[in-house]
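Q: Here it is: the structure, laid out below.
The values are calculated or read from the model by the stated rules, or taken from the named source; none is laboratory data. All values derive from a computational prediction rather than experimental measurement. So basically every Cβ, Gly included, is an ideal-geometry build from the backbone, and we count neighbours across all protein chains shown.
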């Protein structure tokens, strides 16, 4: 509010100065004597000036009053400016963020509205998950098949990835999926500023988190926050219903294959070939993510607790995990989306394969 007031006062002051200058210019022009020789008669050093009585009378008092007025303005104005400056800077930053979100929103729109069609694949402007058309080529027969690929929800993308990892995905895309590279470095059409504004918009549509720590002010990105209770309950109920219907044999298997919101939280999306377009191969045999069958997971994570911690925090770029693993940033973090009990059930299921 203070920032807006300061800006408004600045514009008013500028307008007053501009009007005063125009009036002064008009008055000066009308009082001038353009006739030939007038410069001699009216030269400042050739005409008599005010006498002492005038100079030391009202004129002097008027000049002193004007000087005092400017002194008061300086004494009050400078501290006031100092007090209002932090809020002005905050207002400018908020306006900058708002403008970046607006630009990112324009980029996110479907092609018919002038955007890059992010909304067309990821479930509209709210990014709740959708379907993307894609062509799959059989490496053995070269047969091309058109499929409908379940594009993940992006309104929880910062629950799973850091901002740097999201930027990397946007710039370089996801190979062997409909997610093409969008940044110039990856061969796409967007420059760095456009990627930044798109990230700003993605941040603005995140599902607000609950349980944020006292020093975490932003519920859209707070590290310790989790999904709201209703969303958590929806995940639990979806997995339980899948088991009750006989679709899966255990809660761990159901959670591994969870397809809530177009697979926003599914392990199978990356670790089971064909899962994303409705033609899954052997469970956990590997796709974009590594093969988890034949005891591969247990041999890489001899300690079950280490595997639970890895799934909770995700893969951090360059950091060690397991016995000899080095993080690439591609493995999402699930600690803000699933409970520790649910992650433990998934780990027990995977280790049994």
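Q: Please go through the range 303-353 and give me each residue that is over 23 Å from the mean Cα position of the chain (by Cα), assigned to a loop (DSSP other than H, G, I, E, B) and within 24 Å of residue 248 (Cα to Cα), ordered by number.
A: Of the residues in the range 303-353, the ones over 23 Å from the mean Cα position of the chain (by Cα) are 303-311, 318-327, 339-353.
Restricting the remaining residues to those that are assigned to a loop (DSSP other than H, G, I, E, B) gives 303, 318-319, 322-324, 327, 339, 352-353.
Result: 339, 352, 353.
Q: Could you please let me know if residue 192 is without any contact (Cβ under 8 Å) to a residue 24 or more places away in the chain and within 20 Å of residue 103 (Cβ to Cβ)? Don't jump to the end; show me each part of the working.
A: Numbers: without any contact (Cβ under 8 Å) to a residue 24 or more places away in the chain: yes; within 20 Å of residue 103 (Cβ to Cβ): yes.
Answer is yes for this residue.
Q: Continuing with the same structure: Residue 173 versus (1) buried (at least 19 other Cβ atoms within 10 Å of the Cβ); (2) in the same structural domain as residue 199 (by TED's automatic domain parsing); (3) out of contact with any strand residue (DSSP E or B) (no Cβ under 8 Å at 6 or more places or on another chain): which is the lone unmet condition?
A: Among (1) buried (at least 19 other Cβ atoms within 10 Å of the Cβ); (2) in the same structural domain as residue 199 (by TED's automatic domain parsing); (3) out of contact with any strand residue (DSSP E or B) (no Cβ under 8 Å at 6 or more places or on another chain), the lone unmet condition for residue 173 is (1).
Q: Restricting attention to the range 206-217, does a residue exist that is closer than 30 Å to residue 176 by Cα and either at pLDDT below 90 or assigned to a loop (DSSP other than H, G, I, E, B) (or both)? Working first, answer last.
A: Kept after step one, since they are closer than 30 Å to residue 176 by Cα, are these residues of the range 206-217: 206-207.
Checking the rest, the ones that are also either at pLDDT below 90 or assigned to a loop (DSSP other than H, G, I, E, B) (or both) come to 206-207.
Scanning the range 206-217, I find at least one residue that is closer than 30 Å to residue 176 by Cα and either at pLDDT below 90 or assigned to a loop (DSSP other than H, G, I, E, B) (or both), so the answer is yes.
Q: Being modelled with pLDDT of 90 or more and at positive phi narrows it down to one residue among 252, 246, 263, 225; which is it? I'd like the intermediate steps shown before the answer.
A: Details: 252 fails: at positive phi; 263 fails: modelled with pLDDT of 90 or more; 225 fails: at positive phi.
When all the criteria are applied, what remains is 246.
Q: State all residues of the range 276-319 that are at pLDDT below 85 and exposed (fewer than 14 other Cβ atoms within 10 Å of the Cβ); if no residue qualifies, say none.
A: Across the range 276-319, the qualifying residues are 294, 295, 299, 317, 318, 319.
Q: Okay, next question. Only one of 266, 273 is outside any helix (DSSP H, G or I), within 27 Å of the chain's Cα centre (by Cα) and either crowded, with 20+ Cβ neighbours inside 10 Å or free of Cβ contacts under 8 Å to residues at least 60 places away in the same chain (or both); which? Even if it seems obvious, please write down each step before you answer.
A: Details: 273 fails: within 27 Å of the chain's Cα centre (by Cα).
It is 266.
Q: Determine, yes or no, whether residue 131 is farther than 27 Å from residue 226 by Cβ, without any contact (Cβ under 8 Å) to a residue 40 or more places away in the chain and surrounded by 10 or more Cβ atoms within 10 Å (Cβ to Cβ). Talk me through it step by step, then tell me what you get.
A: Numbers: farther than 27 Å from residue 226 by Cβ: yes; without any contact (Cβ under 8 Å) to a residue 40 or more places away in the chain: no; surrounded by 10 or more Cβ atoms within 10 Å (Cβ to Cβ): yes.
Against the criterion (farther than 27 Å from residue 226 by Cβ, without any contact (Cβ under 8 Å) to a residue 40 or more places away in the chain and surrounded by 10 or more Cβ atoms within 10 Å (Cβ to Cβ)), residue 131 does not qualify.
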